[in-house]
Amino acid sequence: MNLKPLITLLAIVNPLAIVPFFIHYTVGFTRAQRRRTVLISATTAFLVIAVSALAGLQILDFFGISLASFQVGGGMLLLMSALSMLNAQPAEAKATRDEVDDAAGRASIAVVPLTIPLLTGPATMSTVVIYADQAQTFWQHAALVGYGLVVALATWVCFTLAEPIARVLGKTGINVMTRLMGLILAALAVEVMASGLVRLFPALGAA
């Protein structure tokens, strides 16, 4: 297991791009409430990645979906996320305005929509399942789950330092980082789709 899954996950989750959302949702929170929100968000992000890595393939088998089809569909989803990021929008930002307003009024928004779908949505889950198929040994699966820990740690750091990060980078700096991640993600999405298409249509690989 190389570092490509980790790079892909960090590009998709991109907690730096979610910092403005975190600040917005936690306006008026006490320091203790913010710490609790950060902890729950990071833990939930890890759990989403870990469950996808350990049980994602079994879920596909249950529904009778081939991995090749999932790769093509997942690759398209990654590409759509990359295009959103190239427009300086978070890859997984699918919450509607009503959901935002409702979340702002709840006691805790750490799980929905802050973590799901803003941090870890369908694109993240698809990516983890695709890479889980490439893991052949226990240690490779363990590495994939470990990458979930790294993503959770990155989320914890970004959210804990949200206000200093927002002051230093500003909206322009965060947008630039998001676009760079989007460019990387677009290239990775093409690779995932190409791999799936070759498995669906072997003649493409012989061309």
Quiz item: If you take the residues of the stretch 146-159 that are buried (at least 19 other Cβ atoms within 10 Å of the Cβ) and β-branched (Val, Ile, Thr), which of them is farthest from Leu16 (Cα to Cα)?
Solution: Val151
Exercise. State whether the residues of the stretch 26-42 include one that is crowded, with 19+ Cβ neighbours inside 10 Å, modelled with pLDDT under 90 and within 14 Å of Ile109 (Cα to Cα).
Key: yes
Quiz item: So, of the residues in the stretch 1-19 that are in contact (Cβ under 8 Å) with a residue 24 or more places away in the chain and open to solvent by 60 Å² or more (accessible area, probe 1.4 Å), which turns out to be farthest from Ala186 (Cα to Cα)?
Solution: Met1
Self-check item: Failed item, numbered, when Gly56 is tested on (1) at pLDDT 85 or above; (2) surrounded by fewer than 16 Cβ atoms within 10 Å (Cβ to Cβ); (3) small (Gly, Ala, Ser)
Solution: (2)
Exercise. Go through the stretch 108-141 and give me each residue that's open to solvent by less than 50 Å² (accessible area, probe 1.4 Å), closer than 17 Å to Leu185 by Cβ and in contact with a helix residue (DSSP H, G or I) (Cβ under 6 Å, 6 or more places away or on another chain).
Key: Leu118, Leu119, Thr120, Ala123, Thr124, Ser126, Thr127, Val128, Val129, Ile130, Tyr131
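The values are calculated or read from the model by the stated rules, or taken from the named source; none is laboratory data. Predicted, not measured: the structure shown is a model, and the values here were computed from it. Using ideal geometry, Cβ is built from the backbone for each residue, glycine included, and neighbour counts are taken over all protein chains shown. Please note that ligands, DNA and RNA were not included when accessible areas were found on the heavy atoms of the full protein model with its side chains. Shrake-Rupley method; radii C 1.70, N 1.55, O 1.52, S 1.80 Å.
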